[in-house]
Amino acid sequence: MKKVIFGLFIFGVTMHLYAQEPTITELEEVVLVNTNYKYLNGTDAEDLAIPVEELELKAANFDIKTLDVYTDEYDFYDVYFIIPEGKILATYDNDGNILRTAEKFKDIDLPISVVKAVFKRFPKWDITKDVYLVNYKEGEIAKKKYKLTLINGDKRIKVKIDAEGNFL
């Protein structure tokens with residue numbers, strides 16, 4: 001028993017001799033980006049199409065101070081963001097915060113809630129065209145709606161529906 005205790009004592013003392021030397025690792029510089037989190041939270045949807053998400057992120061991360069026309073004298077800046085699927089007109093204040101947006105996207109992937117609601121109410125109809133509209137104002141809930149064109153044979157109707165699947 002003495003040998004076991006003595007062996008553990010020697011083992012404990014010698015473990016510190018083989019400990020690693022502390023290494024100092026220099027980390028890269030971190031740059032914080034002023035994202036418009038209120039805008040992103042206001043326009044966020046669970047099942048949003050990828051082009052919509054990407055363009056909204058681009059608008060939220062845009063730095064107006066990089067514009068050639070930027071000066072502190074102006075109170076508002078209107079900036080267009082355009083991709084083939086849609087566009088966003090964003091109004092920024094001189095600090096770079098998004099005050100309001102008007103967004104329009106055509107023929108994007110629809111959320112499951114919208115598709116289910118349409119096919120439940122119009123079971124034999126097909127969706128041929130869709131337009132996704134978003135109006136955001138700072139401090140308010142963003143208004144999101146879809147305008148859909150449905151077709152059944154030679155019949156055609158247009159419906160409006162919100163992001164949760166409620167017909168307007």
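Quick notes
- Any hit, region 112-126, residues being farther than 16 Å from Ala59 by Cβ, acidic (Asp, Glu) and in contact with a helix residue (DSSP H, G or I) (Cβ under 9 Å, 6 or more places away or on another chain): no
- Taken over region 74-107, the criterion of being within 15 Å of Lys38 (Cα to Cα), open to solvent by 70 Å² or more (accessible area, probe 1.4 Å) and in contact (Cβ under 8 Å) with a residue 12 or more places away in the chain is satisfied by Arg100 alone.
- Residues of region 29-43 classified as surrounded by 14 or more Cβ atoms within 10 Å (Cβ to Cβ) and without any contact (Cβ under 8 Å) to a residue 24 or more places away in the chain, total: 1
- Looking across region 106-154, the residues that are part of a strand (DSSP E or B), over 21 Å from Leu55 (Cα atoms) and aliphatic (A, V, I, L, M) come down to Ile127, Leu148, Leu150, Ile151.
- Selection from region 42-80 of residues that are part of a loop (DSSP other than H, G, I, E, B), within 24 Å of Glu140 (Cβ to Cβ) and among the acidic types (Asp, Glu): Asp44, Glu46, Asp47, Asp75
- Taking (1) surrounded by fewer than 17 Cβ atoms within 10 Å (Cβ to Cβ); (2) in contact (Cβ under 8 Å) with a residue 12 or more places away in the chain in turn, Pro123 satisfies each apart from (2).
- Extreme residue, least open to solvent (accessible area, probe 1.4 Å), among residues of region 155-168 that are in contact with a helix residue (DSSP H, G or I) (Cβ under 8 Å, 6 or more places away or on another chain) and in a strand (DSSP E or B): Ile161
- Selection count, region 154-168, where residues are free of Cβ contacts under 8 Å to residues at least 24 places away in the same chain and closer than 26 Å to Ile88 by Cβ: 4
- The criterion of being surrounded by fewer than 13 Cβ atoms within 10 Å (Cβ to Cβ), at pLDDT 80 or above and not hydroxyl-bearing (Ser, Thr, Tyr) does not hold for Ile10.
- Residues satisfying the stated conditions in region 55-73, i.e. touching a residue at least 12 places away in the same chain (Cβ under 8 Å), open to solvent by 60 Å² or more (accessible area, probe 1.4 Å) and not hydrophobic (A, V, I, L, M, F, W, C): Lys58, Asn61, Asp63, Lys65, Asp72
- Some residue of region 37-46 being at pLDDT 75 or above and β-branched (Val, Ile, Thr): yes
- Close pairs (7 angstrom Cβ cut-off, 6 or more residues apart or separate chains): in contact (Cβ under 8 Å) with a residue 40 or more places away in the chain and surrounded by 14 or more Cβ atoms within 10 Å (Cβ to Cβ) in region 135-153, assigned to a loop (DSSP other than H, G, I, E, B) and small (Gly, Ala, Ser) anywhere: Tyr136/Ala142; Lys144/Ala45; Lys144/Ala163
- Take the conditions (1) part of a loop (DSSP other than H, G, I, E, B); (2) touching an Asp or Glu at 6+ places or on another chain (Cβ under 8 Å); (3) under 20 Å from Glu46 (Cβ atoms); Gly96 misses just one of them, which is (3).
The values are calculated or read from the model by the stated rules, or taken from the named source; none is laboratory data. All of these numbers come straight from a predicted model, not from anything done at the bench. Neighbour counts are summed over all protein chains in view; Cβ atoms, including those assigned to glycine, are modelled from backbone coordinates with ideal geometry. Note: areas computed on protein heavy atoms with side chains; ligands, DNA, RNA excluded. Shrake-Rupley method; radii C 1.70, N 1.55, O 1.52, S 1.80 Å.
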